[in-house]
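The values are calculated or read from the model by the stated rules, or taken from the named source; none is laboratory data. Bear in mind the structure is a predicted one, so any value in this text is a computation, not a measurement. All Cβ positions, even for glycine, are placed from backbone atoms using ideal geometry, and neighbour counts span all protein chains on display. Each accessible area value is taken on the protein alone, full model and side chains, heavy atoms only, with ligands, DNA and RNA left out. Shrake-Rupley method; radii C 1.70, N 1.55, O 1.52, S 1.80 Å.
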Amino acid sequence: MTLHQRQGQRFLPYGANYLDWSDMAELKEVIDHQVLFRYQTEQESMASRLERLVGERLGAGHTLAVHNCTEALRLALISTRPSIGDLVYVPAVTFVAVAGAVLSCGLIPVLVDADESLGMDPTLLPADARRVITAHMEGSVAALPQGVPYVIEDCAQTLGGRFPDGRQVGTAGYAGVFSFHHNKVLTSGEGGLVVTDDEQAWSAMRCYHDHGSARVPGHYPTWNQDAHYGENFVTSEEVAAVQCQQFRHLDEVLAGLERMYGLAMADLPDRPDLRALPRAEGDVKVSLRFRCESRELRDAAVAALTAEGIANWTLGKYLLPEHPVLTGRRSLYADGFPWNHAPEGPLALSRDGFARTRDLLDRTLCVPLSPELPQEQQAFAVKAIRRVLEAV
């Protein structure tokens, strides 16, 4: 796709621009094999191939493919063997699925305020915190809390990110989860992965995701005498095939994002009232982030970019303290489960009632980058962004 074709169109997620019938060798292989269930074959399934490739690329000891990232979060939480009503500390700025995964496990989310980067502020955590979900939001690699037994990294928006020491996101904590949802770095419409170096945790997650069974590929599931119950989170072969195709393009996507980010940061307007926020070396450069001096200026920039057909978004939708799922504490269970196990008082850790975070979100604007465009088209797109923002 050229920039001219892209202008005025719905912005496609990064990996979707690399979907092409001529490049779907894995999907053709699955269809030719005529087996769409991963455990119905004694050869290496496509799902197993995906898990092997991801493990090798990320440096993860164990990988499990599931239907979506929410299931991956649930598996990671369940494998810690919690008790009903246990507290899980989650970012105040993230997608509501994080809190939903906690609640669906019978656990209670406690919102932890953000620092200047909009990542969780680990200094707010209590000394006795046992379960923490840290979200690497919008391509940014967040700092991980230290001394917490179960740190789960939500990497749904930051596949391919790296910590300063070179480790891949998702591999530094107890477990890491990833998403192949439509608007993620790579996409299969839906899809998720969980990775861990803890063999016992992986074994528990693998059994739980397949009805608690002891599965042997090519055979009907069996259950050991000490089997626990589980659910069906088993991915399908055709979805895994699309994910394998997408994963082959990960480095290409990341390089394209880096290239356009470099072009943009060298050619954006020098405005102290509308400044581009620099990203760290290991961040995934999914977008340009701007911090405006006021919400009014942010809204004016949104209107101007939208009028020119330039994709953009804001982040207010991620402020969980204002989300009805949490403010209403409603449940489909007659007894209000699991909220009926929540302690009295607010379930939040913030120095100012989230006022600073709310203000930062109100003044933040994101403009996505286009890794699939050739460099000259990327440069042209950057000049279009600059022209609009200079005139706001």
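Here are the numbers:
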item: Answer residue from the stretch 118-159, given it is among the charged types (D, E, K, R) and either within 20 Å of A72 (Cβ to Cβ) or touching a strand residue (DSSP E or B) at 6+ places or on another chain (Cβ under 7 Å) (or both) and is surrounded by the fewest Cβ atoms within 10 Å (Cβ to Cβ) among those; result: R130
item: Test: residue in the stretch 362-385 that is among the polar types (S, T, N, Q), surrounded by fewer than 16 Cβ atoms within 10 Å (Cβ to Cβ) and in contact (Cβ under 8 Å) with a residue 40 or more places away in the chain; result: yes
item: Residues satisfying the stated conditions in the stretch 67-80, i.e. in a loop (DSSP other than H, G, I, E, B) and within 17 Å of E190 (Cα to Cα); result: H67, N68
item: Some residue of the stretch 265-272 being open to solvent by 10 Å² or more (accessible area, probe 1.4 Å), within 30 Å of E293 (Cβ to Cβ), assigned to a helix (DSSP H, G or I) and not small (G, A, S); result: yes
item: Checklist (1) outside any loop (DSSP other than H, G, I, E, B); (2) more than 26 Å from E26 (Cα to Cα); (3) under 22 Å from the mean Cα position of the chain (by Cα) applied to D165, failing item; result: (1)
item: Near pairs, Cβ below 6 angstrom, 6+ apart or cross-chain, from the stretch 285-310 (of a type in the set (A, V, I, L, M, F, W, C)) to any residue that is part of a helix (DSSP H, G or I); result: V286/G139; L288/A264; C292/R298; A304/V388; L305/V388
item: Single residue of the stretch 299-351 satisfying the filter (open to solvent by less than 60 Å² (accessible area, probe 1.4 Å) and among the polar types (S, T, N, Q)) that is farthest from E390 (Cα to Cα); result: S331
item: Qualifying positions in the stretch 236-268 - touching a strand residue (DSSP E or B) at 6+ places or on another chain (Cβ under 8 Å) and over 24 Å from E26 (Cα atoms); result: Y261, A264, M265, L268
item: Pair list, Cβ under 9 Å, 6 or more apart: the stretch 67-86 residue open to solvent by 20 Å² or more (accessible area, probe 1.4 Å), other residue modelled with pLDDT under 95 and in a loop (DSSP other than H, G, I, E, B); result: none
item: The stretch 106-117 - residue that is on the phi < 0 side of the Ramachandran plot and out of contact with any strand residue (DSSP E or B) (no Cβ under 8 Å at 6 or more places or on another chain) and, of those, least open to solvent (accessible area, probe 1.4 Å); result: D115
item: Qualifying residue in the stretch 215-223 (condition: hydrophobic (A, V, I, L, M, F, W, C), open to solvent by 50 Å² or more (accessible area, probe 1.4 Å) and more than 20 Å from Q34 (Cα to Cα)); result: yes
item: Among (1) in contact (Cβ under 8 Å) with a residue 60 or more places away in the chain; (2) open to solvent by less than 10 Å² (accessible area, probe 1.4 Å) - the single one G212 does not satisfy; result: (1)
item: L125, sole failed condition from (1) at pLDDT 95 or above; (2) touching a helix residue (DSSP H, G or I) at 6+ places or on another chain (Cβ under 9 Å); result: (2)
item: Residue that is least open to solvent (accessible area, probe 1.4 Å), among those in the stretch 183-200 that are in a loop (DSSP other than H, G, I, E, B) and acidic (D, E); result: D198
item: In the stretch 49-66, the residues that are in contact (Cβ under 8 Å) with a residue 60 or more places away in the chain and either polar (S, T, N, Q) or in a helix (DSSP H, G or I) (or both); result: R49, L50, E51, L53, V54, G55, R57, L58, T63
